[in-house]
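Okay, structure first, notes after.
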Amino acid sequence: VEGYLDVISMSQVGVELGVASLGTSLTEEQTQLLKRYTNHAILAYDADRAGESATIKAIELFENIGLRVSIAPLPPGDDPDSLAQAGGASAIEECLAGAVEVVEFLIARSQRRWDLNSPGGKQDFASEVLPAIGRIADPIRRDAYVVKVANLLHVSEQRLAWRLQGAEAPQGRRVAKR
């Protein structure tokens, strides 16, 4: 979570495993320290622009050290403090149970940010989402996300796979100059 009050409110309703990273102040050293205690971090930052920015930064920091990351989506305008005060432990536990993988979070975020009916929007969407898909080690999960993104963008899976590999798709048959 982002702030001290988030951790305190969660603790007061009985959800005691929480750490306040102070949003974008999270450091690599702090992520290394957390890795000593867990192999999976669930981020529950505020549902605002600052919380989204902090989430993006934290994802990168945690993934760089090999920690599995999920994102718990909060209702718009809420933070863990307000959620705990309004709904108690069950609201926090429901939020944490709804945590999604990084790729799912990035897909949802990018769908809100870009016009997927325009070629430029599709390109920007792919630029945000494909690097996260490329970091997935399991080929079945990776391919499943390629299919999902190809369907969202109405482009071929093969085109996305080539882009994911860092190569450009062939544009047709080319004849070499002699």
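The values are calculated or read from the model by the stated rules, or taken from the named source; none is laboratory data. These figures come from a predicted structure and were not determined experimentally. No Cβ is skipped: glycine too gets one built from the backbone with ideal geometry, and neighbour counts run over all protein chains shown. Accessible surface areas use protein heavy atoms only, side chains included; no ligands, DNA or RNA. Shrake-Rupley method; radii C 1.70, N 1.55, O 1.52, S 1.80 Å.
Here is a check on your reading of the model: is Tyr37 over 30 Å from His154 (Cβ atoms), without any contact (Cβ under 8 Å) to a residue 40 or more places away in the chain and of a type in the set (Phe, Trp, Tyr)? Talk me through it step by step, then tell me what you get.
Working: over 30 Å from His154 (Cβ atoms): yes; without any contact (Cβ under 8 Å) to a residue 40 or more places away in the chain: yes; of a type in the set (Phe, Trp, Tyr): yes.
In short, yes.
Which one of these is assigned to a helix (DSSP H, G or I), more than 25 Å from Lys148 (Cα to Cα) and among the hydroxyl-bearing types (Ser, Thr, Tyr): Ser82, Ser53? Explain how you work it out, then say what you get.
Values: Ser53 fails: more than 25 Å from Lys148 (Cα to Cα).
The unique qualifying residue is Ser82.
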(request) Would you please list the contacts, defined by Cβ atoms under 6 Å and residues six or more apart or on different chains, that run from a residue in region 1-30 that is without any contact (Cβ under 8 Å) to a residue 24 or more places away in the chain to a residue that is assigned to a helix (DSSP H, G or I)? (result) Ala20/Tyr4; Ala20/Val7
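Going through region 83-115 one residue at a time, which ones are closer than 17 Å to Met10 by Cα and open to solvent by less than 40 Å² (accessible area, probe 1.4 Å)?
Filtering region 83-115 down to residues closer than 17 Å to Met10 by Cα leaves 83-99.
Listed by number, the residues that qualify are Leu83, Ala84, Gly87, Gly88, Ala89, Ala91, Ile92, Cys95, Gly98, Ala99.
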(message) Among the residues of region 7-33, what is the count of those that are open to solvent by 50 Å² or more (accessible area, probe 1.4 Å) and not in a loop (DSSP other than H, G, I, E, B)?
(response) 10
(request) Might you let me know whether region 95-102 holds any residue that is over 20 Å from Ile65 (Cα atoms) and of a type outside the set (A, V, I, L, M)? (result) yes
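Among what's in region 85-111 and is among the β-branched types (Val, Ile, Thr) and in a helix (DSSP H, G or I), pick the residue that is farthest from Ile133 (Cα to Cα).
Residues of region 85-111 that are among the β-branched types (Val, Ile, Thr), as a first pass: 92, 100, 102-103, 107.
If we keep only those that are in a helix (DSSP H, G or I) as well, we get 92, 102-103, 107.
Details: Ile92: 28, Val102: 9, Val103: 7, Ile107: 10 Å.
Here the answer is Ile92.
Does Asp79 satisfy the condition of being charged (D, E, K, R) and surrounded by fewer than 18 Cβ atoms within 10 Å (Cβ to Cβ)?
No: the conditions fail for Asp79.
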(message) If I ask for residues that are among the polar types (S, T, N, Q) and under 9 Å from Phe105 (Cβ atoms), which ones from region 51-79 would you list?
(response) Thr55, Ser70
